[in-house]
Amino acid sequence: MSSTEHSEHIDSDTGKMGMWLFLFTELFLFGGLFIVYAVMRSKYAADFHHAALELNAFVGATNTVVLLVSSMTVAMSLTAIQQNRSGKAIGLILITLILAGVFMVNKYFEWGHKIGLHLYPGSDVMKTMPHGEIMFFGLYFMMTGLHAIHVIIGGILLTIVIRKIQSGKISSSHYLLQENAALYWHLVDLIWIFLFPLLYLIT
Amino acid sequence: MTHSTTAEPLNYLNHKTGLWSWLSSTDHKRIGLLYLYSITIFFCAAAVLGLLMRIEKIAPGQTIMSAQTYNGMFTIHGIIMVFIVVIPGLAAVFGNIMLPIMIGAKDVAFPKLNLFSWYVYISGAFLGLYSQFANGHSPDTGWTFYVPYSAEASSNVVIALTAAFVLGFASILTGLNFIVTIHRMRAPGMTWFRMPLFPWSLYATAWIQILATPIIGITLLMVIAERTFHIGFFDPALGGDPVLYQHLFWIYSHPAVYVMILPAMGVVTEIFPTFSQKPVFGYVPIVFSSMAIALVGYFVWGHHMFTSGISYESRWFFSFLTFLVAIPSAIKVFNWLSTMYGGSVDLKPPLLFAISFIFLFTIGGFTGLTLGSLATNIQLHNTDFVVAHFHYIIFGGMGFAFFAGIHYWFPKIYGRMYNFRWANISWGFLFAGFNLLYFPLFVIGIQGMPRRYFDYDPKFQTGEVISTIGAFILFIGLIGMISNLVYHSKRGAIAPANPWHGVTLEWQIPSPPPHENFDEVPVITREPYVFDHPHTN
Amino acid sequence: MKNHENHISSDTLNWTVLVILLILTTISILAIKMHLGAFTVALALILASIKVTIVLTYFMHLKFENSLLRIMVGGVFLLFAIVIAITFIDYYFR
Amino acid sequence: METLFNQGSNLAGAVDRAFIFIFAISFLFTIGITVLMIYILIHFSRKKNKHPMQFSHNTKLEVAWTIIPLIIVLVMFYYGWAGFAPMRKVPADAMQIKVIGRMWAWEFDYGNGKTSKELVVPFNKNVKLNLYSADVNHSLFIPAFRVKEDVIPGYNNYLWFRPIMKGNFDIYCSEYCGLNHSGMLAKAIVVDSLDFKKWLADLKVTGNGPEHPGLALIKANACTTCHSMDGSRIIGPSFKGLFGRKSTVVTDTGEKEIVANEEYIKRSILEPNAEIVKGYMKGLMQSYKDKISAEDLDKIVDYFKTTVETK
Ligand code: HEA
Ligand code: HEA
Ligand code: CUA
Ligand SMILES: [Cu+2]
């Protein structure tokens, strides 16, 4: 007699629409940062360029490729589950998780490097820098930090998906959760696609 | 758990009992009531703070509290009223209780998420309270958290910011749930233009909730980052831009005022046809005006920043759009009047509150236009005129619509009826007290009395004193109204299923509604407001 | 609204999309290296937008969803663009 | 002497015109709507009207009540804009005065080191105020002149006016700026040109006079809004007898006794929130780290030393 039985089975269109709406809020969450970025960049174009040189475009590019590939593996895992090949699906998600790990490790070293150079907000070195550069690094940490949190959440979601595939809760007839997790993962990729040129490629 | 052994039929209130059955219920009606109770408690708390502020202001200089206390008080009064009371307000209470019923659904699309939203909400609300009492002094930034002051003030600002962030998250989840519900759960035959207007207003509101709230979320996060990690987004000493903060804040907070008022408009739009026994006048224009308010409301945020040094071009641009957004509101007012015109009008308490809504909203709206006009805004910005404007439009508008709604749906929600005389008398106090309280603020605002002033020039005292007297009268009215409702929710006479002879779906099921709302899924074959046999006795 | 058949994208399609995305990434990196002056930022953003559109259409299956979702997504991006534009009415004219 | 309709500046007329136009329209509509509502309640009450009409459209009416308000609001917009546009067009000959807002005092800088606590301006001459903030947002508001503009750190905001009425007019701070926001007041004093010239000539040059340079700095940084010189308690402890004073301070780790020596005083100015004198509130005094140079700091401490010696 529990009231949860109202709609235990959320049909896939409903669930997907919910996920998309959630993605919209995520877009606007980053959107706020993009507004700040746009304004600050128009104010401090030269400083931004100079500061961006500190970032290693190679690392950024590597991470871009990593995320793009991981996006594809997730998409492929969805295809696999639709074709009822759960082994392949799990494998592909595992690859995605490994790629996520690579991304995070890269990020870790990148951040570590910056912090080693005292290029973090509030540091003694930062205080001596021009305003635009301080702002650039502030945005850099805020944007990539928030993005990294999303990578972690996406990773957790995908791990849950693997467990559910293993236990048979996700199958070719019932894969809403996997679809939504994949959508989330693509969003993570999508935001990075914008972050990469904005942070690493600015001239 | 003792089940009532009387013949009382099972409904959502009594099919299970015990506190836990409420705190774990995913029934949209019960969640709506959870919101109703928590919002009422927070409203009373913040209202008492309002009263205390009025007492402080009865004379210049210090009367009952220090400046520090006063500054903290209007801040927490504003935070509670805005983020905890009126933004969730109507949508979370009546939206939750009535939306699924009105569109013929058994529940919202994601019932568990709905319950989760309430928990998020209540955590945010308590965090907000905690910011008052945690060590250090209470936040004193105003509800707008303007930087750089909010980035420097060493009070519990971070806690308050986090609270607002968490509350925003609850608001997003509710909005998301409603949009999906409206898209996916309408009863068979209920096309978009057969949907009642309250759900329509919730739909417009929900879009604002999910698309505007994240902006304030990230903005508050940036202020938190600024305070804890010394990232200088807004701190001019580090190259940041204080006015950029104001942009971001109002990109959300202006649309948020429409989150407050749109559902209120939806509620009264339900009340007028029922109490006139006459179809809504101009159904389609009302629908489109809701959507237009939601959309255009997105682009006028700069009218809060006319004096902040934004560019000349954007000042007139924002002013221009501000005037445009008044048109859909105007359309609605005229539609309501025409709905009553020619009807068989029955002045029961819900209608009494609804027409007071029109009156107060009109005053609030017109003073909004005065503020939207560039020249006059320069004079009136941040004076008590603004305070009067938004109390008229939030309390007079949204607040009175809330009172109208609770008097309208009370018999449906509790299956009992309150006392009409009692309600009418309380209304008298509320209405008189309200106008006494806020009207003088327009006058002293025009004379130049700034807002957020602990102390003031004696020349403003007459206005301040009248205002304080009004607050006490209002206080009596509120106590009267709340006690009438609380008392009769348990003891009132048993109400029939359709006491007002309404035609929308919620009146076609028993009062209180059964747990699953409908025994069989209703099939809709026509427009929502058709009175085949108008009831005129 | 009936639950329509879900589209299954083939692995080949996914691979093709990836390759295109990688090519676009390379182009944007090369373009930056070539120092096209004021045009570079615009170019980088245009390329990023194309990439995002591709991800949305194929990886996120928008192409195969009902038009409602497509309209929503389009509307949301448009709304965001307008918000940025309006903000810049202030900053551009300062 | 100041009334609601004091039009103290050249800008006031247009502002009031916009106001009166909007007010008149609002008044008419509000009365009209109210009367119509009462009429409906009486004439169509359930007792009288048992047969509700069932109409729900009237295209002509609906178009009318969309178009007419639209025209009205456009006119409102026009009036508002017309009253506002001149506020942004500063005449080239305007006399420039620098205004510094800080917690919680105004300072009007007439150039050449001459500053005043009151805004004295010549009658019927164009005046431009350049607004600077030393700490947080403030807003300069002179109701009688119908001018207001926020004073924001990092921004060069301005406003201008031409006073057309002689007398004293209130100046308020109308952007919340902390504890004593409501005390951040000053006067705008409009005098004849000749009187103004005389007043300006007599105005003391701050910083160069016989005054101790440290004291000048203390005044210039508005320390005196919170610290009295005469021993009375305002917001912070009085400066009287500060140097060498023993007091109890509260730190993050607990309470301790200190003696106000050079080092402590400097710390109090640079990191005011590290040690809070017992009985006072944390967070009120902001750090002056980027605002007062080390040199100036020495001067201030030196001043405190001298006040002890003269006792
Ligand atoms: C529910 C909340 C709500 C609503 C609905 C509104 C509605 C409006 N508001 Fe208000 N507003 C607030 C809540 C709200 N406001 C708050 C909280 C603040 C202060 C924030 C702060 O600083 O703390 C504020 C501040 C505020 C300002 C900034 C003041 C300042 O600080 O300088 C402005 C300026 O333009 C403004 C304008 C308007 C306008 C034009 C409308 C319009 O939408 C009103 C439209 C309605 C009508 C016009 C009346 C009905 C129409 C008719 C009866 C028909 C006839 C009409 C014509 C002939 C035109 N508001
Ligand atoms: C929903 C919104 C809402 C509501 C309903 C109110 C209600 C009231 N507010 Fe409001 N107010 C705001 C929202 C609201 N306010 C906001 C957003 C601000 C801006 C804050 C800022 O500047 O940052 C503000 C600011 C504000 C100020 C300006 C402070 C300043 O600028 O200096 C004042 C001053 O008079 C004031 C007074 C009041 C009063 C007297 C009430 C009265 O209407 C209250 C009436 C109620 C009572 C008199 C008590 C009733 C008591 C009970 C019902 C208890 C019963 C208890 C039980 C039954 C258990 N408020
Ligand atoms: Cu300065 Cu308020
Ligand atoms: Cu607004």
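Quick check: is even one residue across region B:360-368 at the interface with another protein chain (Cβ under 8 Å from one of its Cβ atoms), buried (at least 22 other Cβ atoms within 10 Å of the Cβ) and within 14 Å of ligand 4 (Cβ to nearest atom)? Yes: one or more hits.
Looking across region B:294-315, the residues that are more than 30 Å from D:His57 (Cα to Cα), within 10 Å of chain C (Cβ to nearest Cβ) and either of a type in the set (Val, Ile, Thr) or more than 12 Å from ligand 4 (Cβ to nearest atom) (or both) come down to B:Val300, B:Ser308, B:Gly309, B:Ile310, B:Ser311, B:Tyr312, B:Glu313, B:Ser314, B:Arg315. Does region B:432-449 contain any residue that is more than 30 Å from B:Lys490 (Cβ to Cβ) and within 16 Å of ligand 3 (Cβ to nearest atom)? Checked region B:432-449: at least one residue is more than 30 Å from B:Lys490 (Cβ to Cβ) and within 16 Å of ligand 3 (Cβ to nearest atom).
When residues of region B:4-59 are filtered for being in a helix (DSSP H, G or I) and of a type in the set (S, T, N, Q), how many remain? It would help to see each step written out before you state the result.
Within region B:4-59, the subset in a helix (DSSP H, G or I) is B:19-23, B:28-56.
Checking the rest, the ones that are also of a type in the set (S, T, N, Q) come to B:21, B:38, B:40.
Residues flagged as in a helix (DSSP H, G or I) and of a type in the set (S, T, N, Q) within region B:4-59 amount to 3.
In the set (1) charged (D, E, K, R); (2) modelled with pLDDT under 90; (3) touching a helix residue (DSSP H, G or I) at 6+ places or on another chain (Cβ under 8 Å), the condition left unmet by A:Glu5 is number (3). With respect to being small (Gly, Ala, Ser) and more than 30 Å from D:Ser182 (Cα to Cα), D:Ala82 fits the description. Is there a residue being touching a Gly at 6+ places or on another chain (Cβ under 8 Å), within 16 Å of ligand 3 (Cβ to nearest atom) and over 19 Å from B:Ile216 (Cα atoms) anywhere in region B:71-82? Within region B:71-82, one or more residues are touching a Gly at 6+ places or on another chain (Cβ under 8 Å), within 16 Å of ligand 3 (Cβ to nearest atom) and over 19 Å from B:Ile216 (Cα atoms). Summed over region B:384-412, residues that are within 16 Å of ligand 4 (Cβ to nearest atom), closer than 23 Å to D:Ala12 by Cβ and crowded, with 24+ Cβ neighbours inside 10 Å total 3. Being polar (S, T, N, Q) and more than 29 Å from C:Asp11 (Cβ to Cβ) is a property that does not hold for C:Thr57. Does region D:275-299 hold any residues that are closer than 19 Å to D:Val136 by Cα, aliphatic (A, V, I, L, M) and either in contact with a Pro (Cβ under 6 Å, 6 or more places away or on another chain) or facing another protein chain (nearest Cβ under 10 Å) (or both), and which are they? The answer is D:Met281, D:Leu284, D:Met285. Could you tell me whether region A:52-75 includes any residue that is more than 29 Å from C:Ala81 (Cα to Cα), at pLDDT below 90 and not in a helix (DSSP H, G or I)? Checked region A:52-75: at least one residue is more than 29 Å from C:Ala81 (Cα to Cα), at pLDDT below 90 and not in a helix (DSSP H, G or I). What number of residues within region D:145-201 are at the interface with another protein chain (Cβ under 10 Å from one of its Cβ atoms), away from ligand 2 (no atom under 16 Å from the Cβ), in contact (Cβ under 8 Å) with a residue 60 or more places away in the chain and not aliphatic (A, V, I, L, M)? So the count comes out to 5. Of the helices (runs of 4 or more DSSP H) lying entirely inside region A:90-203, the ones with 2 or more residues being among the β-branched types (Val, Ile, Thr) and within 14 Å of chain B (Cβ to nearest Cβ) are found at A:131-166.
Among the residues in region D:79-86, are any touching a helix residue (DSSP H, G or I) at 6+ places or on another chain (Cβ under 7 Å), within 16 Å of ligand 4 (Cβ to nearest atom) and not β-branched (Val, Ile, Thr)? Yes; the residues of region D:79-86 include at least one that is touching a helix residue (DSSP H, G or I) at 6+ places or on another chain (Cβ under 7 Å), within 16 Å of ligand 4 (Cβ to nearest atom) and not β-branched (Val, Ile, Thr).
When B:Ser308, B:Ser319, B:Ser276 are screened for being within 16 Å of ligand 3 (Cβ to nearest atom) and either among the polar types (S, T, N, Q) or under 15 Å from B:Thr205 (Cβ atoms) (or both), only B:Ser308 passes.
Out of the residues in region D:131-145 meeting the condition of being more than 8 Å from the chain's Cα centre (by Cα) and over 18 Å from B:Phe460 (Cα atoms), tell me which one is nearest to ligand 4 (Cβ to nearest atom).
Among residues in region D:131-145 that are more than 8 Å from the chain's Cα centre (by Cα) and over 18 Å from B:Phe460 (Cα atoms), the one nearest to ligand 4 (Cβ to nearest atom) is D:Asn137.
Scanning region B:214-252 for residues that are within 16 Å of ligand 1 (Cβ to nearest atom) and either polar (S, T, N, Q) or under 23 Å from B:Pro328 (Cα atoms) (or both) returns B:Thr219, B:Gln246, B:Trp250, B:Ile251, B:Tyr252.
Conditions tested, residue by residue: (1) more than 8 Å from chain A (Cβ to nearest Cβ); (2) within 19 Å of C:Asp90 (Cβ to Cβ); (3) surrounded by 24 or more Cβ atoms within 10 Å (Cβ to Cβ).
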site	(1), (2), (3)
B:Ala225	no, no, no
B:Thr228	yes, no, no
B:Ile231	no, no, yes
B:Gly239	no, yes, no
B:Leu244	no, yes, no
B:Leu248	no, yes, yes
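For every residue, the table says whether it meets (1) among the hydroxyl-bearing types (Ser, Thr, Tyr); (2) without any contact (Cβ under 8 Å) to a residue 24 or more places away in the chain; (3) assigned to a loop (DSSP other than H, G, I, E, B).
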position: D:Arg233; (1), (2), (3): no, yes, yes
position: D:Lys256; (1), (2), (3): no, yes, no
position: D:Glu263; (1), (2), (3): no, yes, no
position: D:Gln286; (1), (2), (3): no, no, yes
position: D:Asp298; (1), (2), (3): no, yes, no
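Name every residue in region B:253-293 that is within 9 Å of another protein chain (Cβ to nearest Cβ) and either within 13 Å of ligand 1 (Cβ to nearest atom) or polar (S, T, N, Q) (or both), in order of residue number. Once the filter is applied, which keeps residues that are within 9 Å of another protein chain (Cβ to nearest Cβ) and either within 13 Å of ligand 1 (Cβ to nearest atom) or polar (S, T, N, Q) (or both), region B:253-293 yields B:Ser276, B:Gln277.
Only one residue in D:Gly167, D:Gly111 is surrounded by fewer than 20 Cβ atoms within 10 Å (Cβ to Cβ) and either farther than 24 Å from B:Leu380 by Cβ or at pLDDT 95 or above (or both), so which one is that? Break it down stepwise before answering.
Numbers: D:Gly167 fails: either farther than 24 Å from B:Leu380 by Cβ or at pLDDT 95 or above (or both).
Within the list D:Gly167, D:Gly111, the selection yields D:Gly111.
For B:Phe306, the criteria (1) under 22 Å from D:Pro143 (Cβ atoms); (2) hydrophobic (A, V, I, L, M, F, W, C); (3) in a helix (DSSP H, G or I) hold in every case but one, which is (3). Every test in (1) within 13 Å of another protein chain (Cβ to nearest Cβ); (2) modelled with pLDDT of 95 or more is passed by B:Phe454 save one, and that test is (2).
The values are calculated or read from the model by the stated rules, or taken from the named source; none is laboratory data. All values reported here derive from a predicted model rather than from experimental measurement. Neighbour counts are summed over all protein chains in view; Cβ atoms, including those assigned to glycine, are modelled from backbone coordinates with ideal geometry.
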